[in-house]
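For reference, the structure discussed in these notes is given below.
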């Protein structure tokens, strides 16, 4: 314990001296200097906020505060509060000065005195130099006060009453001049209310020209700022109240003058009155808080006849007798509204100041009181028809029609000449006019949009399920649903998919008609175009059928089919008919060869997935999305709701396609595939060889491959639609975005369904291969008679099995990614080894038959080598070596081969080889020798179980 030393206390802040000299109490050399216990900046802030008459009392405290009271920052703040430079009050002060110069006697110019070194400077007299009571001014009411009560400003009386102040360039001097001139107007505010304006603006004389309305308005505005912000006089509150009463009288006179000029269409007079009224208007005093409540602008807008002549337009005229929509009536109504907006709005631009926002206020009143009143009954009637789609179309069309107000407002805002720095109406302000007007309809519309799409999807999917159920029960309905198999596997799948996606992309560029008209051309083309993308509607490109019509990608909606695109002749497609639906009765091209009758439900396994259904769902989503897109610029909470609605529409589409369509289709296909049995097993009375040869192509697996192609096409179409239509509204970098998550979930679901289907397909395929080998390999194939000729080629069972495998692997090559194909081929190879081992163990093999075994194994090895999978090739090479045990005649040599574990690369143990050699036809003869050689004992004689 001696090696541990006790801790010693450590004194913190060593070298810093006592507490009184610590940094906490040491003033930083860069800090603000103190006056007393307060920093000078705080004293300056106090001086800026106290009334001007209280400045001398504060400054007489000490010489430091006296210097601060005469410093430039203080008087710069007071001068800026007057807004002389900001509001252009310079001419007003000049006019006051010229009036005072005429009334005051001539005095010599004086110089200002520098009082920076004087302890108390201007305040040594002890009088209340800033006690601005109201006195010393003779008034018409006979009230007067002493000059001492009114007081003088900082400096001698001579300086303040002189007419010249040399060197008045500082803010202090500038404020002194403004204060002196404005203080002289204070007596006029003591007059009776009806005489204040006459006192402020004396009658016109020959020597004094009349003051303009704007000049008078600026005078009142300057006085208001002087009394309100600075309180230069003790009685400033009462003077301010009198000034406001006088301003109201003056504004009423301006409003009358404006009405007179408006009646005469005198825009110059209207402009002069409007500018003067806007100058003295204070929105905070009116309590409105916005420019829309400016009385002159409001009164002018209320007198426009557009608010009283719109009753002749009936909103219900937009409905036809059949219950559909035709917005020509609203077109005419909006034309009337926009003409009025252009007529009166252009005058508002020319007459009213830009900052007044009269144009925007007028447009807002038109939108709220005219357009909104027209739209409300229209949408109410559309809602009462119990047709959700009609209500949605009417809502989007009304908004699109109302949006024309925005374009008109921006057009009017650009007409101001000359252009000013203040924008008359910005784009955001113009859009807000329509957004505010339409807000009451947004909640119901967005909810109905989602509900309507869900109902549409439900009806569409149930109709398709009925078609599939009807076809599965009534085999005679197969010509209506598919007269031939789709052409993915019969032609070039890659070229076919490329053609479909190219056409689908072009169709997405067709605009959707939002405002319904009498003739629907664009939207109709989009509907028929998207509906015709199903390859089962295609015929051979460039061919002419028996009816003389050109085949190709055609619209089967009328007798004159229009070719939407024509494929290249060398890649012509087999013609198939559409699924059972509204286009089933349309004339289509049929194959000249008779179709074989359907034997099983899996003959049309590929019909469990439908491109028609996919395209109908995408078309329904696209229509909803195009309607919602026109609201995407909505600000605030409704903008968030619009974006959420877009995401919900996309999520609903992907969910229906994935969960209800793709998953159910693949699950049903897998169930049907697992129920498949080879023809020979299902019909034992038929010729086995004939049936096995006919079943080289596994029907359900071929149809499943077609189903995989359709699933891949669905995924490609969804990807194109996502990139073209949804990506602009979705944050692709946000992995938590519901659309991104649902799209990934859809892709994973499709991949999982394909993987499960391929697993079931491999089971069916290998069951078929086992059936072929068993059926086409007679019992004496590997034990031929002694006189039979020796055939060195593979047996028929081997050839047909390899042919079956090659055919189905070829169907996948080029149509699935390499990883999936390798997994499929690897699983086929592994299961094929098991089938061959089981098959060999069922045979009796002679020496001559051993050569047939080797020939078959060589053929299988050649087939597996073509797959270029190293592990499989190695396994089949070992299996090929296994065939040598059937052609070794000497028993001892055979035993040595069995014991050589390196011969088969470790794939087979001696015990495994022993099982195979037991299938030799001479096994009873050589068994003892083999056992003696391998184990050095005779199993039958030397091994006794007691």
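Determine the gain in length on full extension of the stretch residue 71-residue 896; use 0.36 nm per residue of separation and subtract their C-alpha separation, reporting nm with one decimal.
The residue 71-residue 896 span can extend by a further 285.2 nm.
Working from label points 7 Å from Cα in the Cα-to-Cβ sense, the residue 641 to residue 719 distance is 3.7 nm.
Each of 702, 823, 930 was scored by other Cβ atoms within 10 Å of its Cβ. Listed from fewest to most, they are 823, 702, 930. Here's the picture: a label point sits 7 Å out from the Cα of residue 732 along the beta-carbon direction, and within the stretch 607-639 nothing has its amide nitrogen under 13 Å of it. Ranked by how many other Cβ atoms sit within 10 Å of their own Cβ, fewest first, the residues 611, 378 fall in the order 611, 378. Going by neighbour counts of Cβ atoms within 10 Å, the residues 798, 804 line up, fewest first, as 804, 798. By the Kirkwood approach, averaging reciprocal distances over each pair of separate Cα atoms, the stretch 297-448 gets a hydrodynamic radius of 16.2 Å.
FRET efficiency for the residue 339 to residue 502 pair, using the beta carbon distance and R₀ = 30 Å, is estimated at 0.10.
Note on residue 400 and residue 81: their simple-model spin labels are 5.8 nm apart, each label 7 Å out from Cα toward Cβ.
Spacing of the modelled spin labels on residue 799 and residue 877, each 7 Å from Cα toward Cβ, amounts to 2.8 nm.
Note: the stretch 295-351, Cα convex hull, 78 Å³ per residue.
Can you bin the stretch 803-851 into rounded, prolate or oblate? Criterion: square roots of the alpha carbon gyration tensor eigenvalues sorted a ≥ b ≥ c, rounded for a/c under 1.5, prolate for a/b above b/c, oblate for the rest. Prolate shape, in that a/c is at least 1.5 and a/b is the bigger ratio. In angstrom, the C-alpha Rg and Dmax of the stretch 777-942 are 17.6, 62. Take the Cβ atoms of residue 326 and residue 426, set R0 to 51 Å, and the FRET efficiency comes out at 0.90.
Values quoted throughout were computed directly from the atomic coordinates according to the rules given, and no laboratory measurement underlies them. What you are looking at is a predicted structure, and each value in this text was computed from that prediction instead of being measured. Here Cβ is always computed from backbone atoms with ideal geometry, including for glycine, and neighbour counts include all displayed protein chains.
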